[in-house]
1. As a test of reading the structure, rank W44, W101, W64 by solvent-accessible area (1.4 Å probe, protein chains only), most first.
2. What does the extension gain come out to for R78 and D120, with contour length at 0.36 nm per residue minus their alpha carbon separation?
3. Once you list every other residue whose beta carbon is under 13 Å from the beta carbon of F134, what net charge do they have if Lys and Arg are +1 and Asp and Glu are -1?
4. For R133, enumerate residues with amide H under 5 Å from its amide H, sequence gap 5+ or separate chain, H modeled in the peptide plane.
5. Using R₀ = 30 Å, calculate the FRET efficiency as 1/(1 + (r/R₀)^6) where r is the Cβ-Cβ separation of A66 and Q183; round to 0.05.
6. Of the labelled options (1) 1.08; (2) 1.79; (3) 1.22, which one gives Cα Rg over 2.2 N^0.38 Å as computed for this structure?
7. Give me the percent of accessible area attributable to carbon and sulfur for the chain, probe 1.4 angstrom.
8. Can you give me the accessible area per residue for region 102-167, using a 1.4 Å probe, in Å²?
Amino acid sequence: MSPTQPDAALAAMRNRQRAVRQARGKVLLRGALGAAAVVGFVLWAHFASGRPTFSPHGAPEPGWEAFRNAYGVDAFGRDGYFVRAIQNGYNLVHHTHKYAWRFTRKGAHDHPNACSDCHDAEALAYAFAAGDRFDARLGRRVSFEERVMRCYATHLDGFIPTIHEPAVRDIRIFARMVAHHLQLGEGALGHAR
């Protein structure tokens, strides 16, 4: 074995080690750049885009702040899932054609085009408190959610959403909050509009 062979073998081993380190470095760099891109997009979407699609906060519609104060929504916190659901419920009730457009054929110029054309907040609260009543026409008990679903199809000339759809769920949460404010017990009957 000549003295140059160990040097050549050592050089080849160092070249392989350098190639492995470079490959690992590329993988780590790609991962770091990918993570930085995701983090950058998330930060941009939530703080700089100004697009409501990326924000968990709904746009306050006219009348929301007055409703919020009148019904003590801030008792549940200034923000949070429940308050955002109440706000979305408010938007669905008062601006149905805008917030539940998938389930109604009624547009901004058609009437009735919103739940509030037939029901005010207190009527929905009483309907919630007196929910799950027997409907003689159908011959069975009908839940509050099912009544909301039927309103989309009948009064708004639209389509029936599923029971888990926010267009139904958040109207229920909205009605529940108003019923809580009015201190309505289960089965409370009264207010009709």
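The values are calculated or read from the model by the stated rules, or taken from the named source; none is laboratory data. It should be emphasised that the depicted structure is a prediction, and the values quoted were computed from it without experimental measurement. Every residue, glycine among them, receives a Cβ derived from its backbone with ideal geometry; neighbour counts consider all protein chains shown. Note: accessible area is taken over every heavy atom of the protein model, side chains too, but ligands, DNA and RNA are not part of it. Shrake-Rupley method; radii C 1.70, N 1.55, O 1.52, S 1.80 Å.
1. W101, W44, W64
2. On the way: separation 42, 0.36 × 42 = 15.12 nm, distance 2.35 nm.
So the chain would gain 12.8 nm between R78 and D120.
3. Residues close to F134 contribute a combined charge of +2.
4. Residues meeting the amide H criterion: V142.
5. In this case the efficiency is close to 0.90.
6. Calculated Cα Rg over 2.2 N^0.38 Å: the matching label is (2).
7. Numbers: 7260 of 12310 Å².
The computed percentage sits at 59.
8. Details: 3720 Å² over 66 residues.
For region 102-167, the per-residue accessible area is 56 Å².
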